[in-house]
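Notes follow the structure.
The values are calculated or read from the model by the stated rules, or taken from the named source; none is laboratory data. As the structure is a prediction and not an experimental result, all values here were calculated from the model. Cβ: placed from backbone, ideal geometry, glycine included. Neighbour counts: every protein chain shown. To get the accessible areas, we keep the full protein, side chains included, count just its heavy atoms, and leave off ligands, DNA and RNA. Shrake-Rupley method; radii C 1.70, N 1.55, O 1.52, S 1.80 Å.
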Amino acid sequence: LNLGLNNLHGSIPASWGFGMTNLAYFGIVINNLEGLLPVSFENMRQMKYMNIAANRLTGTLPAWTKTM
């Protein structure tokens, strides 16, 4: 799923982590998203690559991202 360069605003919905558990690629590069990565993203067990660069996200990456 590549949602980059779409001028998305607000926070990343937690529902994405529950509804896309088989997602292997997630890209939201160059948007206006803010806040933290939802804890529910840990449910995306098939995730191999995530590109979240160039947004206004805050905080540190959760420990589960180190297993990707």
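Of the accessible area of the chain, computed with a 1.4 Å probe over protein heavy atoms only, carbon and sulfur atoms account for 57 percent. The Cβ shell under 15 Å around residue 28 holds other residues with a net charge of 0, Lys and Arg each +1, Asp and Glu each -1. Taking only C-alpha pairs under 8 Å that are 6+ residues apart, what is the relative contact order of the chain in percent? With pairs under 8 Å counted, the relative contact order is 35 percent. Extension gain, residue 25-residue 3: 0.36 nm per intervening residue step, less the Cα-Cα distance, totals 6.9 nm. Excluding ligands, DNA and RNA, the accessible surface per residue across the chain is 63 Å² with a 1.4 Å probe. Where only DSSP H runs of four or more residues are counted, the chain gives -1500 deg cm²/dmol as its mean residue ellipticity at 222 nm, each run worth -39500 (n - 2.57).
For segment 19-44, the residues whose amide N sits under 15 Å from a probe point set 7 Å from the Cα of residue 58 along the beta carbon direction are 33-38.
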